[in-house]
Amino acid sequence: MTIDYTPMWQELGLDLAGHEALLNVLGTAYTDIYLSQKNRPEGMGYFDFVMSEVHGLRIKELMDEKAAGRKIIGSYCVFVPEEIVLAANATLVGLCSGADFAVEKVEQFLPRNTCSLIKSSFGFKIGKVCPYLESADMIVGENTCDGKKKAYETLGGLVDNLYVMDLPQTKTDQTKAILKAEYLKFKTAVEKLTGVTVTPESLKSAIEEVNAKRAAIHRLSVLRKADPAPISGLDALLANQVFFYDNPARFTESVNKICDELETRIQEKTGAFPAGAPRILVAGCPQAVPNWKLHMITETEGAVIVGEESCVGERGTRNLTADTGTTVDAMMDAIVDRYFEVDCAIFTPNPQRLDHIQEMVTDYNAQGVIHYGLQFCQPYLMESIPVEKALEERNIPCLRVETDYGMEDAGQLKTRVEAFIEQLR
Ligand code: BJ8
């Protein structure tokens, strides 16, 4: 039985016509890109279901949580600590920023040469098509790249519940102390929102819950080392994207379930692609739902993507938080330690990121790297040049791609990716 969510969307103030158009485009893209893949693991059925209900059932669950007195917090960055949110009895969700929407209207607020990710977050707000954003009791912006930090100044005029978190851009003892002060401030703000004080017990249990979720998705990543790869890059990317929306406990269980299946596939040498298919690591800007363009183009050309060095991928999930602390302060220190390891390109210098890319190339047996940069994203585009040089010095081919969310450059991108795959063969 299909449930009609229209009254819920109406209550959230969505633009119903625009929202329907968005869902139609999303549905068609999902069918064409995802459901047409061959040799998918059965466990992907769960993620297909989540995607089919991404603006339906999941939003209904969030609305039910709100009705029961829980608060919803939306974020755009992996620096927003889910542990603190959960410990204060709130739910964290990633906010839509992976597709173009209402572009002309967005350009009345932002310069045209702003990256697609930022433009998209504005498009979903201005077009009133993101039920996550509309159901959020608090929206967290973070001062990371210049584009985001200036955009949040404008976003503050479009929403009345924006909380901006400051983040350091260098890594020293002093800046670590700044991060801790910001996280403590955030904890106080969330406690004020929910009326719930974070306790050692609630924080410990939140750390365990988030660690379990990260460990599960990391388990999935590690299984991609096998040849033949037991899961396509597209499917693995989807699991990494759903990470930001789903109920954490259910997500952990579903990912572990698909991992059990992948282990069997590895034993039976069942792959999403044939053994020996060219293996590629993607590194760079985050690919939020429904940004599947590069993966789709690459895998349609017969290569398999075996890892994402990205915030929608290992950069965001590989490190766990130490769960040995017994006081809130000790656990806050552990949280700060964990997030301070995230090697986003907004940091300067940022040598850990290059180390991590090389480590992933070796671990995942990748023959080459595609550096994915969004147009106008200075931090990642700037870093892509030294990354390419360092990789090539080690005889690891690297293709630097600079693109956006549109499909206008798909043909040109396809030609470049095709040539790169030929080089790897
Ligand atoms: S921790 S990567 S999620 S900031 S693509 S908006 S950098 S101009 S997204 Fe990010 Fe947090 Fe860093 Fe990760 Fe700016 Fe570049 Fe746009 Fe970007």
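The values are calculated or read from the model by the stated rules, or taken from the named source; none is laboratory data. Predicted, not measured: the structure shown is a model, and the values here were computed from it. With ideal geometry, Cβ positions are generated from the backbone for all residues, glycine too; neighbour counts draw on all protein chains shown.
Confirm whether residue 170 is farther than 30 Å from residue 9 by Cα, within 16 Å of the ligand (Cβ to nearest atom) and part of a helix (DSSP H, G or I).
So residue 170 fails the test.
Condition first: within 11 Å of the ligand (Cβ to nearest atom), of a type outside the set (Ser, Thr, Tyr) and either closer than 18 Å to residue 291 by Cα or crowded, with 19+ Cβ neighbours inside 10 Å (or both). Now tell me which residues in the stretch 111-135 satisfy that.
Hits for the stretch 111-135 are 115, 117, 118, 119.
When you scan the stretch 272-291, how many residues do you find that are away from the ligand (no atom under 11 Å from the Cβ), assigned to a loop (DSSP other than H, G, I, E, B) and of a type in the set (A, V, I, L, M)?
4
Given the structure, is residue 306 assigned to a strand (DSSP E or B), of a type outside the set (D, E, K, R) and under 15 Å from the mean Cα position of the chain (by Cα)?
Here the answer is no, as residue 306 does not meet what is asked.
Being touching a helix residue (DSSP H, G or I) at 6+ places or on another chain (Cβ under 9 Å) and among the basic types (Lys, Arg) is the filter here, so list the residues in the stretch 1-47 that pass it.
Residue satisfying the conditions is 40 alone.
Can you tell me which residue within the stretch 375-392, out of those that are more than 9 Å from the ligand (Cβ to nearest atom) and of a type in the set (A, V, I, L, M), is nearest to residue 353 (Cα to Cα)?
387
Return a yes/no flag: does the stretch 342-358 have any residue that is surrounded by fewer than 16 Cβ atoms within 10 Å (Cβ to Cβ), more than 18 Å from residue 170 (Cα to Cα) and in contact with a strand residue (DSSP E or B) (Cβ under 8 Å, 6 or more places away or on another chain).
No, the conditions are met nowhere in the stretch 342-358.
So residue 298 passes all but one of these: (1) over 27 Å from residue 100 (Cβ atoms); (2) away from the ligand (no atom under 16 Å from the Cβ). Which condition number does it fail?
Condition (1) is where residue 298 drops out.
Condition check: over 25 Å from residue 61 (Cβ atoms) and surrounded by 24 or more Cβ atoms within 10 Å (Cβ to Cβ). Does residue 266 satisfy that?
In short, no.
Return yes when residue 78 is at negative phi, modelled with pLDDT of 95 or more and β-branched (Val, Ile, Thr) and no when it is not.
yes
Would a scan of the stretch 66-88 turn up a residue that is of a type in the set (Gly, Ala, Ser) and within 16 Å of the ligand (Cβ to nearest atom)?
Looking through the stretch 66-88, at least one residue is of a type in the set (Gly, Ala, Ser) and within 16 Å of the ligand (Cβ to nearest atom).
Name the residue, out of 303, 330, that is in contact (Cβ under 8 Å) with a residue 12 or more places away in the chain and either of a type in the set (A, V, I, L, M) or out of contact with any Lys or Arg (no Cβ under 8 Å at 6 or more places or on another chain) (or both).
It is 303.
Give the stretch 354-400 a look and list any residue that's in a loop (DSSP other than H, G, I, E, B), in contact (Cβ under 8 Å) with a residue 40 or more places away in the chain and under 22 Å from residue 222 (Cβ atoms), or say none.
Hits for the stretch 354-400 are 364, 365, 366, 367.
In the set 277, 283, which member is touching a strand residue (DSSP E or B) at 6+ places or on another chain (Cβ under 7 Å) and surrounded by fewer than 24 Cβ atoms within 10 Å (Cβ to Cβ)?
One residue alone meets the criteria, 277.
How many residues, within the stretch 24-60, are buried (at least 17 other Cβ atoms within 10 Å of the Cβ) and under 27 Å from residue 126 (Cβ atoms)?
10
Quickly run through the stretch 342-353 and pick out the residues that are part of a helix (DSSP H, G or I) and within 15 Å of the ligand (Cβ to nearest atom).
Correct list: 352, 353.
Check whether at least one residue in the stretch 102-112 is under 27 Å from residue 168 (Cβ atoms), of a type outside the set (S, T, N, Q), without any contact (Cβ under 8 Å) to a residue 40 or more places away in the chain and assigned to a loop (DSSP other than H, G, I, E, B), and report yes or no.
Scanning the stretch 102-112, I find at least one residue that is under 27 Å from residue 168 (Cβ atoms), of a type outside the set (S, T, N, Q), without any contact (Cβ under 8 Å) to a residue 40 or more places away in the chain and assigned to a loop (DSSP other than H, G, I, E, B), so the answer is yes.
Can you find a residue in the stretch 320-341 that is of a type in the set (Gly, Ala, Ser), under 15 Å from the mean Cα position of the chain (by Cα) and outside any loop (DSSP other than H, G, I, E, B)?
The answer is no, given that none of the residues of the stretch 320-341 is of a type in the set (Gly, Ala, Ser), under 15 Å from the mean Cα position of the chain (by Cα) and outside any loop (DSSP other than H, G, I, E, B).
Condition first: more than 15 Å from residue 346 (Cβ to Cβ), among the acidic types (Asp, Glu), more than 16 Å from the ligand (Cβ to nearest atom) and surrounded by fewer than 16 Cβ atoms within 10 Å (Cβ to Cβ). Can you find one or more residues in the stretch 153-161 that meet it?
Yes, that holds for at least one residue.
Would you mind finding the one in 193, 220, 237, 184 that is in contact with a His (Cβ under 7 Å, 6 or more places away or on another chain) and either touching a residue at least 40 places away in the same chain (Cβ under 8 Å) or outside any helix (DSSP H, G or I) (or both)?
After ruling out the rest, the residue left standing is 237.
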